[in-house]
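None of the figures in this text is laboratory data; all of them are computed from the coordinates on show. Everything quoted here is computed from the prediction, not taken from an experiment. Cβ: placed from backbone, ideal geometry, glycine included. Neighbour counts: every protein chain shown.
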Amino acid sequence: MSTVGPDVRTGTSATPTIDPATVDGPVHDEHATSEVLMTRMTGGELWVARDGVGLDRADLAQILEVTPAAIAGWEQSKTPVPHRVTETIRDIEATTEDAIARLVAELRAMPDPQVAIFWRPDAVPPSRADAARYGFRWWRQVVYCARKQVPETRVGSQGEIAAIEIENLDIEQAGHRENWRENRA
């Protein structure tokens, strides 16, 4: 805890002090030219950010290598949120925004945009390694945000997407057959 101002016991001006129990190491801001102390997240800010990127407490706990109870303690303001958590959340938010932008670009390049969601780690293709790292809830959040930008996108399990592709082929082939019949007549 920082303290500045007159010391009520001595009447002298106190110098800023930092309680080492509330700081877990120096914090660097990659956009600044010098080292700065980053503002600690509140429990509410952590909760909103975690929900915003589609992580549950267990997912974030695994990423941070802490227990879900630690996350709950921070979110409920029982203990201060460590600075490293703020940095990690910023990284996850940046990764999420990047993943959404990449998925939107992929979907816009497709004639019939579609995307699969996953339920098992072995079902995640190598091109979606970030989904394996951050979890399936995170991936569903990415898909949800991308679909808002490309609303015609079909979303389903890998089996459902395969069925949609077969259905589209059947419709396309039926159209070709109909055109062939009309041209023969």
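For segment 88-156, run through the GluC sites (Glu not before Pro) and keep only the ones in DSSP coil with at most 11 other Cβ atoms within 10 Å of their Cβ.
The qualifying sites are E152.
Could you pull out the trypsin sites (Lys or Arg not before Pro) across segment 103-151 that fall in loop regions by DSSP (anything but H, G, I, E, B) with no more than 11 other Cβ atoms inside 10 Å?
When the trypsin sites (Lys or Arg not before Pro) of segment 103-151 are filtered for loop state and at most 11 Cβ neighbours within 10 Å, nothing remains.
So if each residue of separation counts as 0.36 nm, and I subtract the Cα-Cα distance between E87 and R108, what length gain in nm does that give?
4.4 nm
Please compute the length gained on full extension between S77 and Q158, using 0.36 nm multiplied by the number of residues separating them and subtracting their Cα-Cα distance.
Taking S77 through Q158 to full extension adds about 25.1 nm, to one decimal.
Pop a pseudo-label 7 angstrom from the Cα along the beta-carbon direction at both R133 and E167 and give the gap in nm to one decimal.
3.4
Between A94 and A123, what length comes free when the chain is fully extended (0.36 nm per residue of separation minus the Cα-Cα distance, one decimal in nm)?
Extra length available between A94 and A123 comes to 8.0 nm.
³J(HN,Hα) across segment 130-142 via Karplus (A = 6.51, B = -1.76, C = 1.60, θ = phi - 60°), whole Hz, x for Gly/Pro?
Values per residue, Gly and Pro as x: 5, 5, 5, 6, 9, x, 6, 5, 4, 4, 4, 5, 4 Hz.
Spelling out what I want: for every residue of segment 47-57, take phi, set θ = phi - 60°, compute 6.51 cos²θ - 1.76 cosθ + 1.60 (Karplus), and round to whole Hz; glycine and proline get x.
For segment 47-57, the Karplus curve yields 4, 5, 5, 4, 4, x, 9, x, 9, 9, 4 Hz.
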